[in-house]
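Participant: Attaching a single structure in structure tokens format; questions to follow.
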Amino acid sequence: MAKPETGLSTVPPTVPPTLSADVLPTVLLMGFEPFGGESTNSSWRVAQALHGEVIAGAQVVAVQLPCVFGVALSALQQALAQHGPHLVLVLALGQATGRCELTPERVAINVDDARIPDNAGARPVDTAVVPGGPAAYFSTLPIKAMVAAMRAEGVPASVSQTAGTYVCNHVFYGLMHALHALHALQTRQTRPGVRGGFMHVPLLPEQAARLPGQPSLELATQVAGVRVALSTALLRHDDLHAIGGAEH
């Protein structure tokens, strides 16, 4: 089995051979390298754990993204190009300190506004992710159905209305912008479009132990939640007509 695809924060990752993507449809599951002084990142730990699994007839390929503005999008584009012929779905994961649930994101916005520097020291303020791009893109995954399925399996989950303005939102917006362009091409080729979205995951207990008062969730529970979320996204295109909003 090929190893999960990893890359350094300063250069796009080299892409090793795919698993059996020449036979099965491919799901890209992306996570981030550690950032903000952490030695691990829960999003990457979850992606690693699911690498190589076959879920609802599609094979999961884990890809690690650098926590660096711009460079993360280059790594994303490289992964999309590598796996494009068999790609059916992309889910990017990000670590969210302070959240206690798995939270599929509703919308990505076209702004970078970094509270802390990225791993290369960059700290953009009020900068467009894609100059001239739309103000926002919505996820094309059935986020409410994913939440319902995770809850049914005993995994805490809810819809999130904001992915922030750091590298997570940067990648979410860049992903949806790339898939929008890809969808136009696939429509002309009468191929089904690749769907995509983003989901934040909580800290792991060992991370929260160094940050008193912060919530966390065991790795096994997070992996189980993402597994059922991917299965739901692969098996249905329509979303539930259910309440998933928030007052603030």
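Participant: Among 150, 199, 176, which comes first, second and so on when ranked by fewest other beta-carbon atoms within 10 Å?
Facilitator: Sorted ascending by nearby Cβ count, the order is 150, 176, 199.
Participant: To continue, here is another question. If you take the charge dipole of the chain about its Cα centre, with +1 on Lys and Arg Cβ and -1 on Asp and Glu Cβ, which of 208, 127, 197 is farthest toward its positive end?
Facilitator: Selected residue: 197.
Participant: Among 55, 100, 111, whose Cα projects farthest towards the positive end of the dipole of segment 26-235, with charges put on the beta-carbon of Lys, Arg (+1) and Asp, Glu (-1)?
Facilitator: My answer, from the dipole projection, is 55.
Participant: I want to verify a result. In a Gaussian network model of the chain, Cα cutoff 10 Å, which of these has the top mean-square fluctuation: 156, 215, 131?
Facilitator: Evaluated over the chain, the most mobile residue of the options is 131.
Participant: With a ≥ b ≥ c the root eigenvalues of the C-alpha gyration tensor of the chain, is it rounded (a/c under 1.5), prolate (a/b larger than b/c) or oblate?
Facilitator: Note, shape of the chain comes out rounded.
Participant: On to the next question. Treating only the Cβ of Lys, Arg, Asp and Glu as charged (+1, +1, -1, -1), what charge dipole size does the chain show about its Cα centre? Round to the nearest 20 debye.
Facilitator: Dipole size: approximately 320 debye.
Participant: I've got another one for you. Which whole-number percentage describes the relative contact order of segment 26-235, with Cα contacts under 8 Å and a sequence gap of 6 or more?
Facilitator: 28 percent
Here, each number is a calculation from the coordinates, and none is a lab measurement. Treat the numbers as computed from the prediction; the structure is a model and nothing was measured. As a convention, Cβ positions derive from the backbone with ideal geometry for all residues, glycine included, and neighbour counts pool all protein chains shown.
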